[in-house]
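What follows draws every value from the coordinates through simple rules; no lab data is involved. Not measured: the values here are computed from a predicted model. Every residue, glycine as well, gets a Cβ built from its backbone with ideal geometry; the counts of neighbours run over all protein chains shown.
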Amino acid sequence: MKKKKGYNKKRSLICRIRAVFFCVLILISSIIITNRYTQSDLEKTKIVQASIEIKQKNKNENLVNLVYESSSNDDASDMNSKNSNIKKENNGEIINSVDEDSNSFDSGKIQDFLTKNIRIEDNKKIAFLTFDDGPSTTVTPKILNILKENNVKATFFIVGKQLEETAEAKNILLETYKQGHAIANHTYSHNYSKLYPHGIVDVNSFMAEVEQNNNILKGVLGESFASRVIRFPGGHMSWKAVSEIDKKLEDKNYKYIDWNALIGDAEGGPKTKDQLMKRYHQTFVGQEKVVLLMHDTYGKQSTAEALPYIIGDLKSKGYEFRTLK
Ligand SMILES: [Zn+2]
């Protein structure tokens, strides 16, 4: 009996040791497994985060090529001053050439960037403020004041027919030029049915209007004025059969500039300042080079109202402002 009792005690002790051993084993296993899963989850989270960042980066880069269709009848125009002989005011006299214009940027690079997604490897955040369809005697002066107050230069795409309407409009154009902004070509009439019958570019008509507009600009700004920068009314991206006109423009060293962000001031009816700022944030999502489409023609007062906010936003994000030459 004694022997059996001792045996049972010993057996019970072994059982307890085994139980404790198993408990410890299970505990260690749990810790290892939990840790492994936690690490795994962390890795997954990192991968997902990285993937989101890459997608966002790609999205931003793709925006460079984004084509914003516009319902407006007045959306595209880019005029660039020619390389040489763009005049600037100096002590009341216009004398300097555009080659010395530190605000200007090569429009050829911007055309390639917008149309072929050829990156500009300078790592600079640059904003090109562009105003189409002017000059107007009501909105353009307000825009000029805001630009002056903020020490910012922009590019104005002029419609010759509108320029011819009043002597005041011509004076405003001259003032725009003297203040160091770039003056570019948005065709003479901005008439879609004449320039693009059935949505197809009429090369002869288009080129004739470009030249006609250049001559009118020279009439106001002086014979030495020349611009190689064009913006197609409605945007180059909106029209069919462009290969012939593209060839023609290339032969004549014209550059056409569309846009990769806008404020919606020519989309549908009149817009409030808040609506324009909202549209601006929808389309400007951090593009390193942003070509912003705006309008300074009649009825676009809210564009002038939104402009200080837009300039402030771009400045706060580290953008410099350049013109298209
Ligand atoms: Zn236009």
Item to complete: Decide, for the range 65-324, between rounded, prolate and oblate: order the square roots of the alpha carbon gyration tensor eigenvalues as a ≥ b ≥ c, take rounded if a/c falls under 1.5, and otherwise choose prolate if a/b is larger than b/c, else oblate.
Response: rounded
Discussion item. In the range 65-324, if the dipole is taken from +1 on Lys/Arg beta carbons and -1 on Asp/Glu beta carbons about the Cα centre, which of T166, Q282, I110 is farthest to the positive end?
Written reply: Q282
Discussion item. For the ranges 103-112, 247-256, what's the packing order if you count other beta-carbon atoms within 10 Å of each residue, average per peptide, and put the highest first?
Written reply: 103-112, 247-256
Worksheet entry | Check: the range 229-323 dipole with +1 on Lys, Arg Cβ and -1 on Asp, Glu Cβ, in debye | 20
Worksheet item: If you put +1 on each Lys and Arg Cβ and -1 on each Asp and Glu Cβ, how big is the dipole of the range 139-271 around its Cα centre, in Debye rounded to 20?
Response: 220
Worksheet entry | Order by protection proxy (mean Cβ within 10 Å, highest first), peptides 181-192, 159-170, 232-243 | 181-192, 232-243, 159-170
Worksheet item: Taking the highest mean first, how do the peptides 117-126, 265-274 order by number of other beta carbon atoms within 10 angstrom per residue?
Response: 265-274, 117-126
Worksheet, complete the sentence: Quick calc, the range 65-324, dipole around Cα centre from Cβ unit charges on Lys, Arg (+) and Asp, Glu (-), nearest 20 debye, gives 380
Worksheet, complete the sentence: Scalar couplings 3J(HN,Hα) for the range 140-155 by Karplus 6.51 cos²θ - 1.76 cosθ + 1.60 (θ = phi - 60°), nearest whole Hz, x for Gly and Pro, are 3, x, 5, 4, 4, 4, 5, 4, 5, 4, 9, 6, 10, 9, 9, 10
Item to complete: Would you be so kind as to identify which of I230, F156, P308 lies farthest towards the positive end of the dipole of the range 65-324, taking Lys and Arg as +1 and Asp and Glu as -1 on Cβ and the Cα centre as origin?
Response: P308
Worksheet, complete the sentence: Looks like the range 135-195, by Cα gyration tensor root eigenvalues a ≥ b ≥ c and the a/c under 1.5 rounded cutoff (else prolate when a/b is bigger than b/c, oblate otherwise), is prolate
Worksheet entry | Filter on K170/K194; K125/K247; K124/K218 - keep pairs with C-alpha separation over 28 Å | K125/K247; K124/K218
Fill in: DSSP beta bridges in the range 65-324 [antiparallel fraction, %, rounded to 5]
15
